[in-house]
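The values are calculated or read from the model by the stated rules, or taken from the named source; none is laboratory data. Everything numeric here is computed off the predicted structure, so don't read it as measured data. When we count neighbours, we look across all protein chains shown, and the Cβ atoms used for this are built from the backbone with ideal geometry, even at glycine. For the accessible areas, the whole protein counts, side chains as well, though only heavy atoms, and no ligand, DNA or RNA atoms are used. Shrake-Rupley method; radii C 1.70, N 1.55, O 1.52, S 1.80 Å.
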Amino acid sequence: MSNWDKGSYEVTAEQIAPATPAVADAVEPVTGKLALDLACGTGNEALELARRGARVTGYDGAPRLLQVAGERAAAEGLELERVQGDLAELPFDDDSFEIVTSVFGLIFTGSPQDSAAEIGRVLRPQGRIAFTSWVEEGLFQYMQDMAKAAVASHFGQAPPEGADAPFAWGDEVAVRELFSESGLMLQVETRELVIEEESAAALNDRWFDLHPIWITMQEVIGDEAYEEMRREALPVVESHNEASDGSFRNTLRYLLFEGSPV
Ligand SMILES: C[S@@+](CC[C@H](N)C(=O)[O-])C[C@H]1O[C@@H](n2cnc3c(N)ncnc32)[C@H](O)[C@@H]1O
């Protein structure tokens, strides 16, 4: 499991921030409501909800990121309750929240079934939920596949027989089914998010130098294999470049799920 406190997740948080208002819009009206932002990281969504007048709890496994979220809230004069814990087990009473959100966070749970059941438990009957996941295509998918292949090749083996395949968060039917088992009815829309950098090489280096998932992998596979992976990734990043002026731009598609208890 990755240590999200390592490196600087802040850089990626800035890149995915454009998804934040769409998630808040999906759970409006939020003013005065009790909201839980799951896997809040540095607080993008939690702060957006607080700015709109919700009473927000940010929940995450990474203490440093929670501290950053707290500092950002204080700088804006916003109240933000922060709780550290795992997505598979929420330390909140039944029916504690009127709103639950997660921006590219819930997708990292080690147990999608437990997390969905926990959300169904803490969300009030009239509550609203909205969260995002990546469509399984494009640059992010390639990078993820590459990371998995590197780890498998490092250990010289495929995942142990009988091991569960990772849950398909990019498969809207599977996600809706998962939540319907916990009493939540979801709708889904496909949205787009554009990431920009000064160049493809700069983006590649930012990921390899700063992203917690990549840095954790470097520790697993060693420096030599890591640098080889960085070199292999660059032409692929370049091949996804939509800009023609030497800078980098790529349009990523994601799923925005929203819904309520049945
Ligand atoms: C891609 S980041 C998204 C953060 C934030 N929602 C945002 O929009 O920037 C994923 C977040 O999930 C958190 N996370 C990953 N696995 C977790 C787990 N099992 N329990 C709690 N938090 C977890 C990480 O600490 C990180 O903050």
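Counting only protein heavy atoms and a 1.4 Å probe, the chain has 48 square angstrom of accessible area per residue. Just the number, please: carbon plus sulfur as a percent of the accessible area of the chain, 1.4 Å probe, no ligands or DNA/RNA counted. Ligands and nucleic acids excluded, carbon and sulfur give 48 percent.
Suppose a student asked you for the relative contact order of the chain, using Cα pairs under 8 Å spaced at least 6 residues apart; what percent would you report?
On the way: 481 pairs, mean separation 60.0, N = 262.
Computed over the chain, the figure is 23 percent.
Taking a Cβ cut-off of under 14 Å around ASP37, the surrounding Lys, Arg, Asp and Glu residues balance to a net charge of +1, with basic ones at +1 and acidic ones at -1.
If you take the square roots of the eigenvalues of the alpha-carbon gyration tensor of segment 176-215 and sort them as a ≥ b ≥ c, do you get rounded (a/c under 1.5), prolate (a/b over b/c) or oblate? Each step should come with its number before you reach the end.
On the way: a/c = 6.94, a/b = 2.26, b/c = 3.07.
Oblate, because a/c is 1.5 or more while a/b does not exceed b/c.
Measuring spread by the Cα atoms of segment 9-261 yields a radius of gyration and Dmax of 18.6, 53 Å.
Checking every one of the GluC sites (Glu not before Pro) in segment 162-210 against DSSP loop status and a limit of 13 other Cβ atoms within 10 Å picks out GLU181, GLU198.
Quick check on the chain: helices-only [θ] at 222 nm, where DSSP H runs of length 4 and up contribute -39,500 (n - 2.57) each and the sum goes over total residues. Nearest 500, please. Can you show the working numbers first?
Working: 10 runs with 113 residues, N = 262.
Mean residue ellipticity at 222 nm (helix-derived): -13000 deg cm²/dmol.
Placing one equal scatterer on every Cα of segment 170-251 and applying the Debye formula, the log10 ratio I(q)/I(0) at q = 0.24, 0.25 Å⁻¹ is -1.02, -1.07. Summarising the strand pairing of the chain, around 55 percent of its internal DSSP beta bridges are antiparallel.
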